[in-house]
Amino acid sequence: MSPVSAVAAWVRRHPVLCFFVVFAIFPWVVPYKSLGSQVLIYGLFALGFNLLYGYTGLLSFGSAAYWGLGAYGTGIALAKLKVTSLWLALGMGLAAALVGGALVGFFCLRRRGIYFAMLTLAFAQIVWAICFKWNEVTGGEQGMPEVPYPDLAWMGRLPLLDRLRTSDHFYLLTVVLVALCLFLLHRVVGSPFGRMLTTIRENAERAEFIGVHVRRYELAAFVLAGAFAGLAGGLFGIFNRGVFPDFAYWTKSSEVLIMTLLGGMGTFYGPSVGALALILLNQQIVSYTEYWPFVLGTILVVLLFGFPGGLGGALELLGRRLGRPRRA
């Protein structure tokens, strides 16, 4: 087996470990720590959405609601309640996203197809309106522009981390949290629960005929996707040092949908690749032209016609070919 084939086979066997190693050393090899943080957080957001859309077949236009709930829950804990613990602040944001996902899923999953998608959009707009108008709690249209960093002094007492700055500590903590979420998602997708989700995606009626409680599985996937979106939103609120109403606006839902389509719907790492591609394209193209939406639309059209599986599907195909032993 050639060295390239051996590396490709190792990456397929240890995807989460490979992910962790790459992003752990990324900002010290390439001086773009901010880019690495954005890719990690948006990749987690897209992976959660992919569990709902790519594996369960439920197209939601309301993912921004849980991103916003997670961000506002964490931001309110840090800025208004003066919570200093990162875990407690993220836990409050995660709890807000879980409750929101359970309530919205309970009502929206009573409908199918376009009716389900429009209901999720309607609930997301309700969340956005609350964030935009509730001045006493959310700051209204001004948002919360000064969200402090949580207390990460305990990381400075660890070996090899005592010389790093607080922002470096937060980046490494984000890498660990996202890697743990990836490991959990990987186990969920490969479990009987994940296989049942794909069965429901392919034919929900047949799944009901064999005794599967389809709505219960869909609600579980809906809440899980909301939880990952809420955690990603909380991390982004800390990274951005502020939380604003546009976090919960419907355009944020379109961004995560584009990331999933760009990277590859139904592939595990495709949405993370899509997040990286979208962020890089945005940064590069905006610096040359103001017609960023036109360029993005053109790229999507070409990609979806040329590579229906997205960038992630193309990379998986390349990895399988590289890892395939050559015949004599």
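Points to keep in mind about this one:
- Answer from G140, G57, G101 - the residue that is touching a Phe, Trp or Tyr at 6+ places or on another chain (Cβ under 7 Å) and either surrounded by fewer than 19 Cβ atoms within 10 Å (Cβ to Cβ) or at positive phi (or both): G140
- The set of residues in segment 151-163 being within 19 Å of R241 (Cα to Cα) and hydrophobic (A, V, I, L, M, F, W, C) consists of L152, A153.
- Taking the criterion of being surrounded by fewer than 16 Cβ atoms within 10 Å (Cβ to Cβ) and either in contact with a Ser or Thr (Cβ under 6 Å, 6 or more places away or on another chain) or under 20 Å from V178 (Cβ atoms) (or both), the only residue of segment 265-306 that qualifies is L280.
- Restricting the search to helices (runs of 4 or more DSSP H) fully inside segment 86-171 and requiring at least 3 residues that are within 30 Å of G57 (Cβ to Cβ), in contact (Cβ under 8 Å) with a residue 24 or more places away in the chain and of a type outside the set (A, V, I, L, M, F, W, C) gives 86-108.
- Condition check for L88 on (1) more than 28 Å from G309 (Cβ to Cβ); (2) at pLDDT below 90; (3) of a type in the set (A, V, I, L, M, F, W, C): one failure, at (2).
- Test: residue in segment 175-193 that is exposed (fewer than 12 other Cβ atoms within 10 Å of the Cβ) and assigned to a helix (DSSP H, G or I): yes
- 3 or more residues under 15 Å from L52 (Cα atoms) and modelled with pLDDT of 85 or more: qualifying helices (runs of 4 or more DSSP H) within segment 210-328: 214-240, 250-263
The values are calculated or read from the model by the stated rules, or taken from the named source; none is laboratory data. Everything numeric here is computed off the predicted structure, so don't read it as measured data. Positions of Cβ are backbone-derived with ideal geometry, glycine not excepted, and every protein chain shown enters the neighbour counts.
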